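Take a look at the structure below.
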Amino acid sequence: MTPRGFKITIKESSHAGKHAKLILDDGTVLEGDGFGGSATVFGEIVFNTGMVGYTEALTDPSYNGQILTLTYPLVGNYGVPDPSALDADGIPRFFESGRIQARGLVVHELSLVASHWNMHMTLDEWMHGQGIPGISGLDTRALTKGLRTGGVMMAALAVSDSEIDADLVRDGLAESPRYTSEQFMDAVSTESPRAYGCDARRAAGGGGGVARKAGSVEAPKPGDGGGEKKRPIVVIDTGAKYAILRNVRALGYGAILVPWDTPYDDVMSYDPAGVVISSGPGDPENCRETVQTAARLMKDDVPTLGICLGAQILGLAGSARTYKLKYGHRGQNKPCTNLETGQTYVTSQNHGYGISPDSLQDSEFDLWFSNADDDTVEGIKHRSSRCIAVQFHPEASPGPYDCRFVFENLRDLIEGRGGAAGGRSRDGGNGSGNGGGHRGSSHSHGSSNTQKTSRLQDAEEVITATAKE
């Protein structure tokens, strides 16, 4: 439904109809129609089963180093929003980082006409502007089935205005760095501390939000907190999505984003109320500095939340092991069961590594959430420290908001309402003693109504703010 007073924008694609080839590491060569930027890229090819949210997915730093295949057959029909639209803290409203992070995009059909009240440009126009190649006209169903059967692999995507030499591209693929060997942190992490909140506006000289240019806003002085007379929450940036910062701010805390390799003493110099270790790309074993910081956070009982890669980092810090999944979990409909309440949630996910279930017994953690499809680890709780972690994305963006309560769990740990990790989570569970065996509805009726009201309020806020812009 179009908000009252909004005009529907309609645009046709202007950077499509190019030559394109997708070449897989197993020798498969697929030819299609190119769009976006004219370039040849190499990366791990993965698939995402979500029906919407391509702008959020493409800007998610967890896709850095990867060629993204979208299984939904029609992509680009609602275009791309305005990247300059910011919230009150200077955080882009509709994107998850400052640029497209995926190296390339594979779709079945690119919509050559886009229309939406919030559209600013077409998908191919956006990708062309950032030099990101895309290919359409492929059987993405067959491609996805192949990746599920054989596992993810390296691939090359070539898009050009002229004919493409497949042999030349294949040679480049053979010589390209493997995804598992790449170091992504310097590409996705902030270079210097950045602050979001009232204190950050003071640091920026007042007014107009913050963080509009990289490195333009210094973090507050130690102890200068979140502007609401609360100590801030430090977010260790191992590839943080903007939605994580938005959710920290929604808790009422200032957020301080620090580089991935920030030492423990520097993290604690901000006198944080709590710490979030963010999502991000690649092998958690490559984040040894962050693992060391995480170990100190747990030792000193600092309230800590790990998300996705952050969960794996905390797992390694607590003597668990990690491993690479065959084809990963990427989508918006992944069922995860809270083993404390027996309630199952539909979650948003994007990861290719996980915590080994067999390693938890000899670790510092207990299993909290389990994947209802394949029984992989989806959440852990520290046995003695105020530390929790989830493999899924409670911040969504894109995907369902059902698990935002995980951020409230962090607030409870900070404010002393949750006790140690063994306390019951705040998730709408009725405490009826169902245990881990019941996989029923994710909400009671009353909780569901509350969530619906919250979502309507969120939607109204977006519409109102966009209208003002």
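Restricting to DSSP loop positions (anything but H, G, I, E, B) with no more than 14 other Cβ atoms inside 10 Å of their own Cβ, which trypsin sites (Lys or Arg not before Pro) remain in segment 43-141?
On the way: sites: Arg93, Arg99, Arg103, Arg141; in loops: Arg93, Arg99, Arg103.
Filter output for segment 43-141: Arg99.
Taking 0.36 nm per residue of separation and subtracting the current Cα-Cα distance, fully stretching the chain between Glu163 and Glu285 would add 39.8 nm. Taking trypsin sites (Lys or Arg not before Pro) across segment 343-423, the ones in a DSSP loop with at most 13 further Cβ atoms lying within 10 angstrom of their Cβ are Arg417. Taken about its Cα centre, segment 63-136 carries a charge dipole of roughly 180 debye when the Cβ of each Lys and Arg holds +1 and the Cβ of each Asp and Glu holds -1. Working note: Karplus 6.51/-1.76/1.60 with θ = phi - 60° gives segment 131-140 the couplings x, 9, x, x, 10, 10, x, 9, 7, 5 Hz, where Gly and Pro are set to x. Of all DSSP beta bridges confined to segment 9-182, the antiparallel ones make up roughly 70%. Suppose R0 equals 30 Å; then what is the FRET efficiency for Asp362 and Tyr401 from their Cβ-Cβ distance, rounded to the nearest 0.05? For R0 = 30 Å, the calculated efficiency reads 0.30.
Given a cut-off of 21 Å, name the pairs among Lys241/Lys334; Lys18/Lys241; Lys230/Lys381; Lys21/Lys324 whose C-alpha atoms lie farther apart than that in the structure shown.
Working: Lys241/Lys334 19 Å; Lys18/Lys241 32 Å; Lys230/Lys381 25 Å; Lys21/Lys324 28 Å.
In this structure, Lys18/Lys241; Lys230/Lys381; Lys21/Lys324 lie more than 21 Å apart at Cα.
Projected label points at Gln292 and Asp271, each 7 Å from Cα along the beta carbon direction, are separated by 2.7 nanometres.
Between the residues Gly354, Val302, His382, the greatest Cα displacement towards the positive end of the dipole of segment 285-426, with unit charges on the Cβ of Lys, Arg, Asp and Glu, is found for Val302.
All of the numbers you see were taken from the coordinates with simple rules; none came from a lab. None of the values given here were measured: they were computed from a predicted structure. Note: ideal-geometry Cβ built from the backbone for every residue, glycine included; neighbour counts use all protein chains shown.
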